[in-house]
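K.L.:
Please see the structure below; I have some questions.
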There are 2 protein chains.
Amino acid sequence: MSSARSHTWQDIQERIRRKIEDRTWSPGDLIPGEVALAEQFGCARTTVNRALRELAATGVIDRKRKAGTRVAMNKSRRVTAEIPVIRAQVEALEKEYRFELLENRSLVPPAYILDTLRLKADHKALHIRSVHYADDKPFIYEDRWINTRTITQIKKIDLTHTSANEWLVENVPFTCGEFVVVACMPGKRVVKAMQLSSKEPVLESRRTTWIGQKSVTTVALYYQPDFQIRFDI
Amino acid sequence: MSSARSHTWQDIQERIRRKIEDRTWSPGDLIPGEVALAEQFGCARTTVNRALRELAATGVIDRKRKAGTRVAMNKSRRVTAEIPVIRAQVEALEKEYRFELLENRSLVPPAYILDTLRLKADHKALHIRSVHYADDKPFIYEDRWINTRTITQIKKIDLTHTSANEWLVENVPFTCGEFVVVACMPGKRVVKAMQLSSKEPVLESRRTTWIGQKSVTTVALYYQPDFQIRFDI
DNA sequence: AAGTGGTCTAGACCACTGA
DNA sequence: CAGTGGTCTAGACCACTTT
């Protein structure tokens, strides 16, 4: 009957996965409770719990107290990607990294930036524009606004030597935020700085980060036209 | 000294997080071992382990046996997104879903598709093109190739009533795969089917999935020009 | 060889939520 | 209220690496 009965949570998870793939348990079905499964698999309930917890985290099953565990109906997949510091991204391609600061001054941002950073109409913010190069070819154009009411220390930093990207990542405590990707036609500034033909669409990623309720920074990155963002499923 | 000493792993995690944010432990530093932390926080080692495990999973710390736990240098962030079935995506917008099948036939794919699906030069595959609508407005254009050597059952399915997207998600067991996002200018077919002005760039997402070593399907989705893919950090 | 993280167990109590 | 998942504990053994 039962072959190799390893009791690792990975193994238990694999067995449960298979039952779902087999359609022993179909989407929407209630599957046995943790105690039952523990007995069935001959392991501790804790181990079953670990296996199920991870399956729930990736959206394979839905769990509710008292209601039990069901195979997820909507197999929406959760994908993940690594978003590294730009320097690391360039160095991972085995190219030499360098960046150029185009702008670094404090001014009142346009309305949609004020809104994003939740600043009032007359508040200033630090506007930073720079180009990041890989082996002397423009790689990413960065257009960033920093809320200097939250990040007061940045006024003292020499951003011509350390990029804002890098400084923030290394010095600003963990934040939550959002990250949005769109396709766009680059504006004149981007076309020029990135040495593009003006007809090529590029990926634009917008990121805004927070410390608790306080906004930190919002940044738009424009990549080379052929650039891909890659995810694992 | 110690205030509210909850021993939930979330609490322990929060305390550790804070020590990193405080720069009590700076990037690159070795932090105390699990036993030490357990004693320090007055909880079981298992609880510390759980807290640290989750921090490691999101890239905040790096852990190695014997070497110990270090605060991550490269705070590369892992972002996650939900990729739902197209129907669910439309219905989440509270719009009515419908789709139209444009093509559904078996033929020898172009070379790059053969390569992606790891098929031989004379092998046929099922080519499916369709448009997915939200309230009668084109929402996504789908260009899919299915490896009928892996998914033999699909020949029997009526794909005019159930979209391939939906059928695959609900019927093909779990796969691994890759997911790539690029910006592109849509081709003629896409422009026409999506009723676009031909100058607008759109997001293209390419996904290829596998069952073990066997390729299942590769699909390119073209979204409406203003469409955003959103991630949580 | 030794130290550190990784995991399993058995038992216990808690927290949520459906009936 | 009762059943299910969520978590904590204490102790044990294992597996991986660095020394």
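The values are calculated or read from the model by the stated rules, or taken from the named source; none is laboratory data. A quick note: this is a predicted structure, and the numbers were derived from the prediction, not measured. Here the Cβ positions follow ideal geometry from the backbone for every residue, glycine too, while neighbour counts run over all protein chains shown.
K.L.:
When the residues of segment A:136-176 are filtered to those that are in contact with an Asp or Glu (Cβ under 7 Å, 6 or more places away or on another chain) and facing chain B (nearest Cβ under 9 Å), which remaining residue is surrounded by the fewest Cβ atoms within 10 Å (Cβ to Cβ)? Spell out how you get there, then give the answer.
P.N.:
Our first condition is that a residue be in contact with an Asp or Glu (Cβ under 7 Å, 6 or more places away or on another chain); within segment A:136-176, this holds for A:165, A:173-174.
Then drop every residue that is not facing chain B (nearest Cβ under 9 Å), which leaves A:173-174.
Values: A:PRO173: 13, A:PHE174: 17.
Among those residues, the one meeting the criterion is A:PRO173.
K.L.:
Which condition from (1) more than 10 Å from DNA strand D (Cβ to nearest atom); (2) among the acidic types (Asp, Glu); (3) surrounded by 14 or more Cβ atoms within 10 Å (Cβ to Cβ) is the one that B:ASP11 breaks?
P.N.:
Evaluating B:ASP11 over (1) more than 10 Å from DNA strand D (Cβ to nearest atom); (2) among the acidic types (Asp, Glu); (3) surrounded by 14 or more Cβ atoms within 10 Å (Cβ to Cβ) leaves (1) as the failure.
K.L.:
Pull up segment A:62-91, narrow it to residues that are away from DNA strand C (no atom under 16 Å from the Cβ) and assigned to a strand (DSSP E or B), then point me to the one that is farthest from the chain's Cα centre (by Cα).
P.N.:
So in segment A:62-91, the residues away from DNA strand C (no atom under 16 Å from the Cβ) come out as A:71, A:74-91.
If we keep only those that are assigned to a strand (DSSP E or B) as well, we get A:71, A:77-83.
Values: A:VAL71: 27, A:ARG77: 15, A:ARG78: 12, A:VAL79: 10, A:THR80: 7, A:ALA81: 6, A:GLU82: 6, A:ILE83: 6 Å.
Here the answer is A:VAL71.
K.L.:
Continuing with this model, one more query. Looking at segment B:197-212 only, could you name the residues that are over 15 Å from B:ASN147 (Cβ atoms) and either surrounded by fewer than 19 Cβ atoms within 10 Å (Cβ to Cβ) or not assigned by TED's automatic domain parsing to the domain that holds B:LEU102 (or both)?
P.N.:
First pass over segment B:197-212, keeping only residues over 15 Å from B:ASN147 (Cβ atoms): B:197-206.
If the condition is that a residue be over 15 Å from B:ASN147 (Cβ atoms) and either surrounded by fewer than 19 Cβ atoms within 10 Å (Cβ to Cβ) or not assigned by TED's automatic domain parsing to the domain that holds B:LEU102 (or both), then B:SER197, B:SER198, B:LYS199, B:GLU200, B:ARG206 are the ones that fit.
K.L.:
Still on this structure, please answer the following. Criterion first (touching a Leu at 6+ places or on another chain (Cβ under 7 Å) and in the same structural domain as B:GLU178 (by TED's automatic domain parsing)) does B:VAL131 satisfy it? It would help to see each step written out before you state the result.
P.N.:
Working: touching a Leu at 6+ places or on another chain (Cβ under 7 Å): yes; in the same structural domain as B:GLU178 (by TED's automatic domain parsing): yes.
Judged against the criteria, B:VAL131 is a match.
K.L.:
Return a yes/no flag: does segment B:23-33 have any residue that is among the aliphatic types (A, V, I, L, M) and either part of a helix (DSSP H, G or I) or at positive phi (or both). Talk me through it step by step, then tell me what you get.
P.N.:
Restricting attention to segment B:23-33, the residues satisfying the condition of being among the aliphatic types (A, V, I, L, M) are B:30-31.
Next cut, either part of a helix (DSSP H, G or I) or at positive phi (or both) only: none.
Scanning segment B:23-33 turns up no residue that is among the aliphatic types (A, V, I, L, M) and either part of a helix (DSSP H, G or I) or at positive phi (or both).
K.L.:
A:ASP122: buried (at least 17 other Cβ atoms within 10 Å of the Cβ) and of a type in the set (D, E, K, R), yes or no?
P.N.:
Working: buried (at least 17 other Cβ atoms within 10 Å of the Cβ): no; of a type in the set (D, E, K, R): yes.
No: the conditions fail for A:ASP122.
K.L.:
Kindly indicate whether A:THR116 is more than 16 Å from DNA strand D (Cβ to nearest atom), hydroxyl-bearing (Ser, Thr, Tyr) and assigned to a strand (DSSP E or B). Walk me through how you get there before you give the answer.
P.N.:
Working: more than 16 Å from DNA strand D (Cβ to nearest atom): yes; hydroxyl-bearing (Ser, Thr, Tyr): yes; assigned to a strand (DSSP E or B): no.
Criteria not met by A:THR116.
K.L.:
Kindly check whether there is at least one residue in segment A:143-150 that is under 22 Å from B:ASP232 (Cβ atoms) and hydroxyl-bearing (Ser, Thr, Tyr). Don't jump to the end; show me each part of the working.
P.N.:
Here is the first cut: in segment A:143-150, the residues under 22 Å from B:ASP232 (Cβ atoms) are A:144-147, A:150.
Filter once more, keeping what is hydroxyl-bearing (Ser, Thr, Tyr): A:150.
The answer is yes, given that some residue of segment A:143-150 is under 22 Å from B:ASP232 (Cβ atoms) and hydroxyl-bearing (Ser, Thr, Tyr).
K.L.:
When you look at B:VAL48, is it among the β-branched types (Val, Ile, Thr), assigned to a helix (DSSP H, G or I) and without any contact (Cβ under 8 Å) to a residue 40 or more places away in the chain, yes or no? Write out each step before concluding.
P.N.:
On the way: among the β-branched types (Val, Ile, Thr): yes; assigned to a helix (DSSP H, G or I): yes; without any contact (Cβ under 8 Å) to a residue 40 or more places away in the chain: yes.
Criteria met by B:VAL48.
K.L.:
Examine segment B:151-167 for a residue that is in contact with a Phe, Trp or Tyr (Cβ under 9 Å, 6 or more places away or on another chain) and in a strand (DSSP E or B), and state whether such a residue exists.
P.N.:
No, that holds for no residue.
K.L.:
Let me ask something else about it. Could you tell me how many of the residues in segment B:28-38 are within 33 Å of the chain's Cα centre (by Cα) and either within 10 Å of DNA strand D (Cβ to nearest atom) or surrounded by 17 or more Cβ atoms within 10 Å (Cβ to Cβ) (or both)? Explain how you work it out, then say what you get.
P.N.:
Of all residues in segment B:28-38, those within 33 Å of the chain's Cα centre (by Cα) come to B:28-31, B:34.
Retained after the next criterion (residues that are either within 10 Å of DNA strand D (Cβ to nearest atom) or surrounded by 17 or more Cβ atoms within 10 Å (Cβ to Cβ) (or both)): B:31, B:34.
The number of residues fulfilling the criteria is 2.
K.L.:
A follow-up question, please. Any idea which residue in segment B:177-233 is nearest to the other protein chains (Cβ to nearest Cβ), counting only those that are part of a loop (DSSP other than H, G, I, E, B) and in contact (Cβ under 8 Å) with a residue 60 or more places away in the chain?
P.N.:
Restricting to residues being part of a loop (DSSP other than H, G, I, E, B) and in contact (Cβ under 8 Å) with a residue 60 or more places away in the chain, the top hit is B:ILE233.
K.L.:
If you check A:GLY187 against the conditions, is it at pLDDT below 90, assigned by TED's automatic domain parsing to the domain that holds A:LEU114 and not hydrophobic (A, V, I, L, M, F, W, C)? Steps first, answer last, please.
P.N.:
Values: at pLDDT below 90: no; assigned by TED's automatic domain parsing to the domain that holds A:LEU114: yes; not hydrophobic (A, V, I, L, M, F, W, C): yes.
So A:GLY187 fails the test.
K.L.:
Return the residue satisfying two criteria in turn: it lies in segment B:39-81 and is within 10 Å of DNA strand D (Cβ to nearest atom) and of a type in the set (S, T, N, Q), and of such residues it is nearest to the other protein chains (Cβ to nearest Cβ).
P.N.:
That would be B:THR46.
K.L.:
Please specify each residue of segment B:31-47 satisfying the condition of being touching a Phe, Trp or Tyr at 6+ places or on another chain (Cβ under 7 Å) and within 13 Å of B:GLN10 (Cα to Cα).
P.N.:
Taking segment B:31-47 and keeping what is touching a Phe, Trp or Tyr at 6+ places or on another chain (Cβ under 7 Å), we get B:31, B:47.
Answer for segment B:31-47, where residues must be touching a Phe, Trp or Tyr at 6+ places or on another chain (Cβ under 7 Å) and within 13 Å of B:GLN10 (Cα to Cα): just B:THR47.
K.L.:
So which residues in segment A:69-99 are surrounded by fewer than 16 Cβ atoms within 10 Å (Cβ to Cβ) and within 18 Å of A:PHE139 (Cβ to Cβ)?
P.N.:
Those that are surrounded by fewer than 16 Cβ atoms within 10 Å (Cβ to Cβ) and within 18 Å of A:PHE139 (Cβ to Cβ): A:GLU91, A:ALA92, A:LEU93, A:GLU94, A:LYS95, A:GLU96, A:ARG98.
K.L.:
Can you find even one residue in segment A:51-58 that is assigned to a loop (DSSP other than H, G, I, E, B), in contact (Cβ under 8 Å) with a residue 40 or more places away in the chain and more than 14 Å from DNA strand C (Cβ to nearest atom)?
P.N.:
Taking segment A:51-58 as the starting set, the residues that turn out to be assigned to a loop (DSSP other than H, G, I, E, B) are A:58.
Okay, now just the ones that are also in contact (Cβ under 8 Å) with a residue 40 or more places away in the chain, so none.
There is no residue in segment A:51-58 that is assigned to a loop (DSSP other than H, G, I, E, B), in contact (Cβ under 8 Å) with a residue 40 or more places away in the chain and more than 14 Å from DNA strand C (Cβ to nearest atom).
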